[in-house]
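Here's the structure, in structure tokens; my notes come after.
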Amino acid sequence: MNTSSTLSYRQKKVRRTLTVLAAAAMTGIFSAIVADTLKVTTEHYEHDFLHRLAENQYLIFLLPFIGFTTIHILRHFLFRNKPNKGIKEVLDSINKGGKTLPAYKIPSHYFNGFLTVIFGGSTGIEVSTVVATASIGALSSHKVAHLNKYRTDLVCAGLAAGITALFNAPIAGFMFAFEVFTRKRNKTHLAALATAIFTSYLLTRYFFYEKVFSFNVTGWHNEALPYFILLGVLAGFNSVFLTKCVLFCKKFFGSLQNDYIKILAGSLIISTLVFFFPSLYGEGYAGIKNLTSIAQPSDLYILLPFVIVLFLKPIATSVTLGAGGDGGVFAPSLFIGAFLGLITALTLNYFFHLNLIALNFIIIGMAAVLSGSIHAPLTSIFLVCAIADNYILFVPIVIASLVSWLVAQFIFPYTVYTYKATV
């Protein structure tokens, strides 16, 4: 009798595990479709609008207003003014057992993220994708009665699959779920993550694969290690500046009772900033690509526009998010890190004749600022290695990312995701 009961229990456990893995596989497939289609369509229309701006730069004073207004209309009439708290809602769903992610989060973040970026909002689609794909995982847990107890596993599977699809970075997807959301280590959780990531990666690789950047990294020198540490310190300060800007602007715009004033103020600020510094438009990946062609200047005054952009990007991102745009700090962190890395390398070369490789500092800076912004060094390390499509800079990326993370935590031990939830 006992043997029969044990056998029956094992069979049920195996069936449940297989059901969870099947749900994770479906979550991975749908998450990849959502992430990849959002990425492709956003890039297409962003490039199209940038081309139109090159023909008539005064269009920028109309585009952000159209974007914010459309998002406001959708939220009011289609989504019934239901709140969009971004990644905080995903964290609440995981950490506060009773809450879940409703299905409307999928189209809400999909369209709002798309509209924010293509109309010039100075952020990226990464956070919109993460919330939408996490909601896919939550939705899959509702379809079979006993899957509800595995909701956290499937939510994490969805968001990990989303990051995997966006950056062709399966290890970064896994680390993001582990570092930022939950540190569960049981076999079912790990198997669900691996299954969703694998299906997402396969689908993306064979149907949507495209390099985010084409970096030609050749190597690095041990003599540059102290300067990688310096870059990590500077990145930590810049990460905190970005975090505090976002928190301040969200609080400021949240205090405005009139939505129309909020939209007008936000769109005017964004339009003005982008008019004078076009690289602030959208996610800014085109601006990062242009940095790789910058040579060592004969006069440091040439770097002044880059320094101004470095300072203005956190402000532009914060105003975008505060005024009602959908997004987060992923793409802005990569953008800020690239500019910081270039400025650091070229300045050190100018004063000390060090012959530092600017491209290396651009890539390492991207990882370092992202690490400090989201307090997730492992995610940042593997994500940027995936972006670079090699691990040649793995050691300096690890060093700078860890230094930035430590500095940022020491100065301000919160991220934009955790601040209100913890104080």
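General observations
- Selection status of Ile336, over 19 Å from the mean Cα position of the chain (by Cα) and β-branched (Val, Ile, Thr): no
- Qualifying residue in region 69-77 (condition: of a type in the set (Phe, Trp, Tyr), on the phi < 0 side of the Ramachandran plot, modelled with pLDDT under 95 and open to solvent by 30 Å² or more (accessible area, probe 1.4 Å)): yes
- Identification of helices (runs of 4 or more DSSP H) wholly contained in region 176-289 with 3 or more residues that are within 28 Å of Ser93 (Cα to Cα) and either open to solvent by 80 Å² or more (accessible area, probe 1.4 Å) or at pLDDT below 90 (or both) yields 187-207, 225-254.
- When every residue of region 391-399 is checked against the conditions, at least one turns out to be of a type outside the set (A, V, I, L, M, F, W, C), over 24 Å from Phe306 (Cα atoms) and open to solvent by 10 Å² or more (accessible area, probe 1.4 Å).
- Pairs, first at negative phi in region 41-56, second exposed (fewer than 13 other Cβ atoms within 10 Å of the Cβ), C-beta under 9 Å, six or more apart: Glu43/Glu210
- Of all the residues in region 10-51, those that are crowded, with 20+ Cβ neighbours inside 10 Å, closer than 19 Å to Asn148 by Cα and β-branched (Val, Ile, Thr) number 2.
- Within the set Leu348, Leu354, Leu300, the sole residue that is over 18 Å from the mean Cα position of the chain (by Cα), open to solvent by 10 Å² or more (accessible area, probe 1.4 Å) and at pLDDT 95 or above turns out to be Leu348.
The values are calculated or read from the model by the stated rules, or taken from the named source; none is laboratory data. Since this is a predicted model, take the numbers as computed values, not measurements. Every residue, glycine as well, gets a Cβ built from its backbone with ideal geometry; the counts of neighbours run over all protein chains shown. With ligands, DNA and RNA removed, areas are computed over all heavy atoms of the protein, side chains included. Shrake-Rupley method; radii C 1.70, N 1.55, O 1.52, S 1.80 Å.
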